[in-house]
Amino acid sequence: QRTGVGAAFIDSVMRAHMVEDGGRRVLGIDNDHFGLGRGQSYTFAWSIYVGGPDFWEFINALRVDWGANATIPGMYSFWRPEVNPHKALMEDPEKLRAYLQRKRIDIFSLSPWFEYYSPVKYWQPRSEYKKLIQGTMAKIRAVQPDAKFLANTETFLYYAPESFFKGTLPAYWTEAKGILPRGPKRPHDLSLSAAATAVIDATPWRDSVFRDAKGNAVIDLHYAGAYKDGGVNLKLYPTLDNYWFGKFKEMVDFLIGDCGYDGIYIDSFSYYYSRTYDR
């Protein structure tokens, strides 16, 4: 009752791969997707902290040791100008002022998600997107001049229209035009056929897509339910030298340089539940 033990995993491979399990008195860490070349070595590094029973005592010790004892700004809110209640609030400055005074929001992450997902429609041209979010910023800053704004971005999913795949997507998906209930037909990981993979491999995306054990590209259908044109999400990972990394940097340049955001919100930053078999 008077003591606690915490484990901090330091090396990036374990932190990227690990899945935790356990309970109040048991801690389990699994890494079931680790490969090592012949004659090579790798060291998993972690630290054990023994202290009191309070979880925050452990976290505060880490903050001090890692030089991360900084104040996190906030309050923080995802803000959706296309739908109520946020849409209605922005039409009435006095109601918006009262709402923000009560909520004390300092940072606003603005929808729609850039070039990924919109709750109203599947896609927005950049000119339309820019007009919407700059109008949102202006209305909020009119009642709260010090507000900060972040763009909502997705790290591992990027919209691709049905036409991109040149007729190689599964028939059940294209016939339904993306409108499918959640379940096995809307998986997070769908391995494409060799023909569909060949289409991707003829584009710059070839060095950025997730691959299954056969080398075929993997896409995500789970979050594509809003794409009424039958489009899907390419499933991607960034490296310092691949196409997706360059594309993402270009997106950030547009969002901050052209749209005027203060920063970027990045979703799904860790891929511990997503594995690729290429590199």
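Straight-distance candidates among the aspartates and glutamates for linking to K185, with alpha-carbon spacing under 14 Å and chain neighbours fewer than 8 residues away dropped: E175, D220. A dipole drawn for segment 144-279 from +1 and -1 charges on Cβ atoms has a positive end, and of P170, L221, P204 the residue lying farthest that way is P170. Per residue, the accessible area of the chain comes to 58 Å², computed with a 1.4 Å probe over protein heavy atoms only.
Heavy-atom accessible area with a 1.4 Å probe sorts E162, E154, largest first, into E162, E154. Segment 41-92 and segment 145-222 have Cα centres separated by 30 Å.
Across the chain, the relative contact order, built from alpha-carbon pairs under 8 Å that are at least six residues apart, equals 17 percent.
For the chain, what proportion of DSSP beta bridges, expressed in % and rounded to the nearest 5, is antiparallel? Mind showing how you got there, number by number?
Working: 21 of 34 bridges.
Roughly 60 percent of the DSSP beta bridges within the chain come out antiparallel.
Rounded to the nearest 20 Debye, what is the dipole magnitude of segment 1-96 about its Cα centre when Lys and Arg each give +1 and Asp and Glu each give -1 at the C-beta? Working shown, then result.
Numbers: 9 positive and 12 negative charges, 49 e Å.
It comes to approximately 240 debye.
Taking the accessible area of segment 113-230, probe 1.4 Å, and keeping the other protein chains in place, the carbon and sulfur fraction comes to 58%.
Dimensions of the chain along the principal axes, based on C-alpha atoms and rounded to the nearest Å, stand at 55, 55, 35, largest first.
Suppose the chain between T239 and A61 were pulled fully straight at 0.36 nm per residue; how much longer would it get relative to their current alpha carbon spacing?
60.9 nm
A simple count of charges around I179, restricted to other residues whose Cβ falls under 12 Å of its Cβ and scoring Lys, Arg +1 and Asp, Glu -1, yields +3. Heavy-atom accessible area for K139, with the other protein chains in place and a 1.4 Å probe, reaches approximately 80 Å².
Could you size up the charge dipole of the chain around its Cα centre, putting +1 on the beta carbon of Lys and Arg and -1 on that of Asp and Glu, and report it in debye to the nearest 20?
Numbers: 34 positive and 32 negative charges, 118 e Å.
Taking the Cα centre of the chain as origin, the dipole is about 560 debye.
When all protein chains stay in place and ligands, DNA and RNA are ignored, the 1.4 Å accessible-area order of K130, K185, K214, K177, largest first, is K214, K185, K177, K130. Ordering W56, A7, T136 by Cα displacement along the dipole of segment 1-147 toward the positive end leaves T136 in first place; charges were set at the Cβ atoms of Lys, Arg (+1) and Asp, Glu (-1).
The values are calculated or read from the model by the stated rules, or taken from the named source; none is laboratory data. The structure displayed is predicted, hence computed values, not measured ones. Glycine also receives a Cβ, built like all others from the backbone with ideal geometry; neighbour counts cover every protein chain displayed. Ligands, DNA and RNA are excluded from the accessible area calculation, which covers all protein heavy atoms including side chains. Shrake-Rupley method; radii C 1.70, N 1.55, O 1.52, S 1.80 Å.
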